[in-house]
Amino acid sequence: MFSNADLRRLIFPLIVEQILAVSVGMVDTMMVSSVGEAATSGVSLVDMVNTLFINIFAAVATGGAVVSSQYLGQKRQDRACQSADQLLIITGILSLVIMTVCIVFRRGFLSLLYSGVAEDVMRNARTYLVISAISYPFLSVYNSCAALFRSMGNSKISMQASIVMNMINVIGDSVFIFIFHWGVAGAALASLISRMTACFILLLRLRNRNLDIYIGTGLKMNRRMVRQILHIGIPNGIENSIFQLGRVLVVGIIAMFGTTQIAANAIANNLDGMGVLPGQAMSLAIITVVGRCVGAGDFKQADYYARKMMKATYLISGLCCIAVILTMPFTLKLYGLSQEARRLGGILVLIHNGCAILIWPASFCLANVLRAANDVKFPMCVSIVSMVVFRIGFSFLLAAGLGMGAVGVWWAMIADWVVRSSFFAWRFFGGKWKTFYVRG
């Protein structure tokens, strides 16, 4: 169903897109770091909240991508196009609600998550959250459009939009931070403008009726398709929400140890992401490839491509993680923070990427194999239990109880990976995931 050339055309642009997302995030943090540790820490705290909501949008987009891929596998283009319109309606409404809640309740929300944080850090965090929230509707629609292009096996268009978005973001950061001296407000405004632009680009491209999937078939809600999308999107959204909420909570633990540890955590979150970029790209590609095979009822090919893509993920991710570790002496110097913050950030990156070589792909990519075949409740339950018991529970034990701070939090994260990867591998090799898809 997919030649090696087809896979390369799908996966390579996704890797480029992921590299852009992480590298521009690094540039953001580096530029904001010139304003001071309070600004860096404020942006870092809100970025965790942003990631929580972005993952909710991505979860619903994944539901739409799975449904659209399965319809294309069935050769039912009309249904695939209808599901695309339904996906945009759902994500648009959801993002507007979340945006409103974040703006109206910003003070109480941040105080609840990060009590005890210094006032200058909290002031920067509030400013960054309000402007970031305004960008949520544009970002959610952009993510949905990108997921639909991936369903068609065409990730080149979303990559091009991502290039434009990230170029605007970097230029905006440079102008707003260094020329206008707007600090965190400037960084957030640059992100808002870039996300608006990318959203409109993909919406216009998806109106092309020569595509396998296009939008504009109608704005009327189709309850059956909404249920199909949410059947996958809701469990995935709950899983991602609990996962990211857990990350926010453990950052709250790190915040108790001072601004330096918050800044070190921000550095590590930037750098360690470079090592798992191939895995993140492959997770997105798996939805398209396995979903199309499942829609066609060909589980033999679904199994074959899942194994093939997992092997490639381990190989490329391992090389990237090693490269990140070897280049740390140079990359850490790019951050305008204290020597202690850079030193601690380096330790956290070493923990993350050293363990990711063996564990990360099975912890995250395998879950998308299950979801692409409608086996959504199992990865949700495993992820939530593992998050609560190991990532959060062990974080309190190691970081707060034993006084290990950020280092304890990151070792708790590794324990979470071990549990997730063990259960997902058992589910995949056991073959149970092949029994959940019912042709719609």
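Scanning the stretch 309-333 for residues that are basic (K, R) and more than 23 Å from the chain's Cα centre (by Cα) yields a total of 1. Picking from residues in the stretch 372-391 that are over 19 Å from the mean Cα position of the chain (by Cα) and under 9 Å from V419 (Cβ atoms), the one that is least open to solvent (accessible area, probe 1.4 Å) is F390. Put simply, of I232, I179, I238, I201 the only residue that is within 20 Å of the chain's Cα centre (by Cα), at pLDDT 80 or above and surrounded by fewer than 22 Cβ atoms within 10 Å (Cβ to Cβ) is I238. Residues in the stretch 105-132 that are within 20 Å of L189 (Cβ to Cβ) and either in contact with a His (Cβ under 7 Å, 6 or more places away or on another chain) or hydroxyl-bearing (S, T, Y) (or both): 3 in all. Total residues in the stretch 160-176 satisfying the condition of being within 23 Å of the chain's Cα centre (by Cα), surrounded by fewer than 18 Cβ atoms within 10 Å (Cβ to Cβ) and hydroxyl-bearing (S, T, Y): the figure is 0. Going through the stretch 60-100 one residue at a time, which ones are among the hydrophobic types (A, V, I, L, M, F, W, C), surrounded by 24 or more Cβ atoms within 10 Å (Cβ to Cβ) and in contact with an Asp or Glu (Cβ under 9 Å, 6 or more places away or on another chain)? Once the filter is applied, which keeps residues that are among the hydrophobic types (A, V, I, L, M, F, W, C), surrounded by 24 or more Cβ atoms within 10 Å (Cβ to Cβ) and in contact with an Asp or Glu (Cβ under 9 Å, 6 or more places away or on another chain), the stretch 60-100 yields only A80.
P137 meets all of the listed conditions (1) open to solvent by 10 Å² or more (accessible area, probe 1.4 Å); (2) in a helix (DSSP H, G or I); (3) at pLDDT below 95 but one, namely (3). Filtered by the rule that a residue be in contact (Cβ under 8 Å) with a residue 60 or more places away in the chain, in a helix (DSSP H, G or I) and out of contact with any Pro (no Cβ under 9 Å at 6 or more places or on another chain), the stretch 397-421 gives A399, A400, A406, V407, V409, W410, W411, A412, M413, I414, W417. Within the stretch 324-348, the set of residues being among the hydrophobic types (A, V, I, L, M, F, W, C) and within 21 Å of S34 (Cβ to Cβ) comprises M328, F330, L332, L334, L337, A341, L344. Summed over the stretch 241-283, the residues that are over 25 Å from I347 (Cβ atoms) and modelled with pLDDT of 85 or more give a count of 3. Among the conditions (1) under 17 Å from T91 (Cα atoms); (2) crowded, with 23+ Cβ neighbours inside 10 Å, the only one that A188 does not satisfy is (1). Yes or no: the stretch 233-256 includes at least one residue that is among the charged types (D, E, K, R) and over 28 Å from E340 (Cβ atoms). Taking every residue of the stretch 233-256 in turn, at least one turns out to be among the charged types (D, E, K, R) and over 28 Å from E340 (Cβ atoms).
Close Cβ contacts (under 6 Å, 6 or more residues apart or on different chains) running from residues in the stretch 323-342 that are more than 15 Å from S41 (Cα to Cα) to residues that are outside any helix (DSSP H, G or I) and not aromatic (F, W, Y) are absent. Residues in the stretch 280-299 that are more than 24 Å from the chain's Cα centre (by Cα), of a type outside the set (A, V, I, L, M, F, W, C) and assigned to a helix (DSSP H, G or I): G295 alone.
Filtering the stretch 343-371 to residues that are within 17 Å of the chain's Cα centre (by Cα) and farther than 20 Å from A264 by Cβ leaves W360, P361, A362, S363, F364, C365, L366, A367, N368, V369, R371. At negative phi and open to solvent by less than 20 Å² (accessible area, probe 1.4 Å): is that true of N55 in this structure? Spelling it out, it is not the case that N55 is at negative phi and open to solvent by less than 20 Å² (accessible area, probe 1.4 Å). In the stretch 222-251, the residues that are touching a residue at least 12 places away in the same chain (Cβ under 8 Å) and among the aromatic types (F, W, Y) form Cβ pairs under 8 Å with partners that are assigned to a helix (DSSP H, G or I) and open to solvent by less than 10 Å² (accessible area, probe 1.4 Å), at six or more places apart or across chains, as follows: F243/S383; F243/M387. Return the residues of the stretch 259-285 that are more than 15 Å from D47 (Cα to Cα) and open to solvent by 30 Å² or more (accessible area, probe 1.4 Å); say none if nothing qualifies. T259, T260, Q261, M274, Q280, L284 - these are the residues of the stretch 259-285 that are more than 15 Å from D47 (Cα to Cα) and open to solvent by 30 Å² or more (accessible area, probe 1.4 Å).
Search the stretch 205-222 for residues being more than 24 Å from the chain's Cα centre (by Cα) and within 25 Å of I163 (Cβ to Cβ), and hand back the single one that is least open to solvent (accessible area, probe 1.4 Å).
From the stretch 205-222, those more than 24 Å from the chain's Cα centre (by Cα) are 207-212, 214-222; that's our starting set.
Imposing the further condition that a residue be within 25 Å of I163 (Cβ to Cβ) reduces the set to 207-208, 210-212, 214-215.
Details: R207: 148, N208: 68, N210: 144, L211: 31, D212: 81, Y214: 40, I215: 14 Å².
Among those residues, the one meeting the criterion is I215.
Among the residues in the stretch 142-159, are any outside any helix (DSSP H, G or I), open to solvent by 10 Å² or more (accessible area, probe 1.4 Å) and aliphatic (A, V, I, L, M)? Yes. None of I215, I253, I229 is β-branched (V, I, T) and not in a helix (DSSP H, G or I) except I215. Within the stretch 324-338, can you find the residues that are in a helix (DSSP H, G or I) and open to solvent by 50 Å² or more (accessible area, probe 1.4 Å)? Result: L326, T327, P329, F330, K333, L334.
The values are calculated or read from the model by the stated rules, or taken from the named source; none is laboratory data. Computed from a predicted structure; not experimentally measured. Here Cβ is always computed from backbone atoms with ideal geometry, including for glycine, and neighbour counts include all displayed protein chains. Ligands, DNA and RNA are excluded from the accessible area calculation, which covers all protein heavy atoms including side chains. Shrake-Rupley method; radii C 1.70, N 1.55, O 1.52, S 1.80 Å.
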